């Protein structure tokens, strides 16, 4: 059974509320049993993923913030908190993903030794002629 459990299984269970299946009913609520099997159900509870998922919604963002503050709590305590305070309803959102850097950003990163974030923030300072000059400066010849 535990091979089918993912963090998203826990999220679905939390969204069902107290009437849904309690996946961690047999797990201890403290960290005293650290030598448990690696196949234990609570080992599949990834608090970062679950907290991030809960942070996408107005009615759960404050709960997610509280769990981020208390990220050291055992999985069972975090899971029970969510199951008891989150109102049951369907929640779905697409996860935001980092966008790929454009070629202009990459050339600024390379020539100025900037991070992607820094290069994106200064990109607007360059005119199209400046960007073309950067490409010329970085051209090493060849095919």
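The values are calculated or read from the model by the stated rules, or taken from the named source; none is laboratory data. What you see is a predicted model; the values in this text were computed from it and never measured. When we count neighbours, we look across all protein chains shown, and the Cβ atoms used for this are built from the backbone with ideal geometry, even at glycine.
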Notebook entry, point to check: For region 67-85, how many residues are closer than 17 Å to residue 52 by Cβ, in a helix (DSSP H, G or I) and without any contact (Cβ under 8 Å) to a residue 60 or more places away in the chain?
Noted result: 6
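Every residue, every condition in (1) modelled with pLDDT of 85 or more; (2) surrounded by 18 or more Cβ atoms within 10 Å (Cβ to Cβ); (3) in the same structural domain as residue 8 (by TED's automatic domain parsing); (4) over 25 Å from residue 11 (Cα atoms), yes or no:
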residue	(1), (2), (3), (4)
29	no, no, yes, no
48	yes, no, yes, no
52	yes, no, yes, no
63	yes, yes, yes, no
74	yes, yes, yes, no
79	yes, yes, yes, no
97	no, no, no, no
108	yes, yes, no, yes
120	yes, no, no, yes
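Only one of 93, 124 is within 30 Å of the chain's Cα centre (by Cα), closer than 30 Å to residue 7 by Cβ and not assigned by TED's automatic domain parsing to the domain that holds residue 14; which?
Going through 93, 124 in turn, the sole match is 93.
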Check: Looking at (1) on the phi > 0 side of the Ramachandran plot; (2) under 22 Å from the mean Cα position of the chain (by Cα), can you tell me which one residue 77 breaks?
Finding: (1)
Item checked: Selection count where residues are in contact with a helix residue (DSSP H, G or I) (Cβ under 7 Å, 6 or more places away or on another chain) and in contact (Cβ under 8 Å) with a residue 24 or more places away in the chain, scope region 52-66 -> 3
Margin query: Against the definition (within 19 Å of the chain's Cα centre (by Cα), surrounded by fewer than 13 Cβ atoms within 10 Å (Cβ to Cβ) and either assigned by TED's automatic domain parsing to the domain that holds residue 19 or assigned to a loop (DSSP other than H, G, I, E, B) (or both)), how does residue 140 come out, yes or no?
Written below: no
